[in-house]
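One structure below.
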Amino acid sequence: MKEEDLIPAEEICVRYQVERQFVTSLKDSGIIEIVTVQETEYIHCDHLAQFEKMRRLHEELEINMQGLEAISHLLGKVKHLQSENIKLKNRLGLYE
C-alpha cells in the first residue's frame, strides 16, 4: 500500500465537515477501512467513493448507521452478482 494513496482521517473530517465519530462508526461497521501509520489514521483513496456515498445517504436522507450497514451490504451483494453475471456471460459466449 503506497503512502501517497492514504488520506488522513482528520483531513477527511475537515474537508467533508463530518464529525470524527462518523468516520469511526463507518470503520467499526466495516464499511470503510482505516489504516494506522505512526498513530495517525488514514483512509485509502480507494475507499473515498464509499465514504462519500455513505456520507450523502446519512446527511441527505438521514439514514442511521444500521441503515448504512444494510445498504453497504446490499450494494456489495449487487456488485458481486453483477461480476458473476459478466463471468457467466463470457463463459456462455464460448459456446455460442
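The values are calculated or read from the model by the stated rules, or taken from the named source; none is laboratory data. Here the structure is a predicted model, which is why all the values come from computation and not from measurement. Note: ideal-geometry Cβ built from the backbone for every residue, glycine included; neighbour counts use all protein chains shown. Calculation scope for accessible area: heavy atoms of the full protein, side chains included, ligands and nucleic acids excluded. Shrake-Rupley method; radii C 1.70, N 1.55, O 1.52, S 1.80 Å.
Six or more apart or on different chains, Cβ under 6 Å: which pairs go from a residue in the stretch 5-23 that's closer than 14 Å to H47 by Cα and among the small types (G, A, S) to one that's part of a helix (DSSP H, G or I) and open to solvent by less than 60 Å² (accessible area, probe 1.4 Å)? Could you list them?
A9/V23
Out of all the residues in the stretch 34-44, is one or more among the aromatic types (F, W, Y) and part of a helix (DSSP H, G or I)? Lay out the reasoning, then the answer.
Within the stretch 34-44, the subset among the aromatic types (F, W, Y) is 42.
Then drop every residue that is not part of a helix (DSSP H, G or I), which leaves none.
No, because not a single residue in the stretch 34-44 is among the aromatic types (F, W, Y) and part of a helix (DSSP H, G or I).
Condition check ((1) under 13 Å from the mean Cα position of the chain (by Cα); (2) closer than 21 Å to E11 by Cβ; (3) open to solvent by 80 Å² or more (accessible area, probe 1.4 Å)) across all residues:
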| site | (1), (2), (3) |
| --- | --- |
| V35 | no, yes, no |
| E39 | no, yes, yes |
| Y42 | no, yes, no |
| F51 | yes, yes, no |
| L57 | yes, no, no |
| I63 | no, no, no |
| H80 | no, no, yes |
| I86 | no, no, yes |
| G93 | no, no, no |
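Can you report the number of residues in the stretch 45-71 which are within 16 Å of T24 (Cα to Cα) and among the aliphatic types (A, V, I, L, M)?
4
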